[in-house]
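The structure that follows is given in the form of structure tokens.
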Number of protein chains: 2
Amino acid sequence: MRMSEGVEWALHSCINLAWLEPGEAMPAAKLAGFFSLPAAYLNKQLQALARAGILTSTSGPRGGFRLARASEDITMLDVVTAIEGAEQAFRCEEILRRIPGDHEGVDYRKTCAISQSMWRAEMAWRRELAGQTIADLKRTVEKREPATPGNVRNRFANLRT
Amino acid sequence: MRMSEGVEWALHSCINLAWLEPGEAMPAAKLAGFFSLPAAYLNKQLQALARAGILTSTSGPRGGFRLARASEDITMLDVVTAIEGAEQAFRCEEILRRIPGDHEGVDYRKTCAISQSMWRAEMAWRRELAGQTIADLKRTVEKREPATPGNVRNRFANLRT
DNA sequence: GTTCGGTTACTCGGATATGTTCTGTCCGAGTGGTGAAGG
DNA sequence: CCTTCACCACTCGGACAGAACATATCCGAGTAACCGAAC
């Protein structure tokens, strides 16, 4: 069970976008250059965020990506779900159904004790992620390193390509 | 992010083992036959549980697998960890380190705000799983369907191969 | 000076390869039971 | 009848393929800025 590395990239990029001027767009190539990431692949992750309604994309010169809504309204869970998909990590295959007998009208994904416990655990995980927004992360960093927003904007301005 | 299907198999098999006579061993082929699973592949998962100290294995006739300790002392987290490995799902690649500057003595896996939040979420997930033992699952099923332990033993007795 | 239109550079978006992990299969090493032979 | 021993079926354990997914790359469609010419 391994989470895609794209989640880390997406979260960092969202925070960086939150530090830009409101309405300012940043192309994927620059967002990738910030962390020396492969541009085309980060682009793919950002597309997923756009499809999920977290970012909006603009084509052409001075285009790029920007946050589709306030950073207070984007949770970490939103980003994780956009990249990883909405499905649970544990997917009950209902192997109980493979025992001979009557399984009519039974959904073991809901009734199997194992499935229920796994679901509870996953909900606890989601609850934690849903309780943390991009704005929260931003605030945490700014409190520790107040110079960060300025540094980020500077680095973007000086990035070649 | 997808959890191995082997986790589901392993948990169901552990519960089945808990319903056997104390000290009774069950070969992988029968444990697999119970759910019509591929025997060799389930065997592989059970080997992982044995390596983790959850099961003990015996070779030769009348051999097989049995629980290495009381079902009260085997948590769902133990089983998940045995199959999936001990590593976190989210693995911080420390992309912050790829920004020019001084990163001497900094471990972003511990200090990065994103990594910390992901870690908290994962701990919440683990806490849930660690709070549920095989004995708990067993009790839940027995309460709903008291005939299950007998049915399971019967099915094992009548299984060919 | 203003407007219009063509050109151009830029950006996203999806289609296409490559590598890694999960899934599934196979066969050999070791083990304990079993049964026949001998005392 | 009891003991001994060789044989054999059984079981795990790890080595070996195939499928699915994540990673990485490339190129085309569309768009907005820009520049020059005409009015």
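Show me you know the interface measure: the accessible area buried between B and A, both chains summed, probe 1.4 Å, in Å² to the nearest 100.
Answer for the B-A pair: about 4500 Å² buried.
Could you work out the relative contact order of segment B:11-161? I mean the mean sequence separation of Cα pairs under 8 Å and 6+ apart, divided by the number of residues, in percent.
Normalised by residue count, the contact order of segment B:11-161 is 30 percent.
Which whole number gives the average count of other chain Cβ atoms within 10 Å of the Cβ atoms across peptide A:127-133?
Mean partner shielding for this stretch: 4.
Which value, in Å², gives the accessible area per residue of chain B when a 1.4 Å probe is used on the protein heavy atoms?
50
Right, something else. Dividing the alpha-carbon Rg of the protein assembly as shown by 2.2 N^0.38 Å yields what?
In units of the globular-protein estimate, the protein assembly as shown measures up at 1.23.
Over the alpha carbons of segment A:1-134, what is the largest minus smallest coordinate on each principal axis, giving the biggest first in Å?
Result, largest extent first: 64, 28, 24 Å.
Loop-only trypsin sites (Lys or Arg not before Pro) in segment A:48-147, please: DSSP not H, G, I, E or B, and at most 16 other Cβ atoms within 10 Å.
Hits after loop and neighbour filter: A:62, A:69, A:91.
Please report the accessible area of residue A:78 (heavy atoms, 1.4 Å probe, ligands and nucleic acids excluded) in Å², nearest 10.
The accessible area comes out at roughly 50 Å².
Excluding same-chain pairs closer than 8 in sequence, count the lysine pairs in the protein assembly as shown whose Cα atoms lie under 30 Å apart.
Lysine pair count for the protein assembly as shown: 16.
By the scheme Lys and Arg +1, Asp and Glu -1, what is the net charge of all other residues having a beta-carbon under 15 Å from that of residue B:154?
That sum, taken over residues with Cβ under 15 Å, equals +1.
For chain A, which whole-number percentage of the solvent-accessible area (1.4 Å probe, protein heavy atoms only) is attributable to carbon and sulfur atoms?
Summing carbon and sulfur atoms, their accessible area is 48 percent of the total for chain A.
Taking a spot 7 Å from the Cα of residue B:142 along the direction of its beta carbon, which residues of segment A:108-128 have an amide N less than 20 Å from it?
Under 20 Å, as judged by backbone N against the label point of residue B:142, lie A:112-117 of segment A:108-128.
Something else about it: Could you order B:57, A:59, B:13, B:4 so the one with the most accessible surface comes first? Probe is 1.4 Å.
A:59, B:57, B:4, B:13
Taking K and R as +1 and D and E as -1, what net charge do the other residues with C-beta under 11 Å from the C-beta of residue B:74 add up to?
Net of charged neighbours comes to -2.
The values are calculated or read from the model by the stated rules, or taken from the named source; none is laboratory data. In this text the structure is predicted, and so the values were computed from the model without any measurement. A quick note on method: Cβ atoms are made from the backbone with ideal geometry, for glycine too, and the neighbour counts reach across all protein chains shown. Quick note on the areas: whole protein, heavy atoms, side chains included, nothing else; ligands and nucleic acids left out. Shrake-Rupley method; radii C 1.70, N 1.55, O 1.52, S 1.80 Å.
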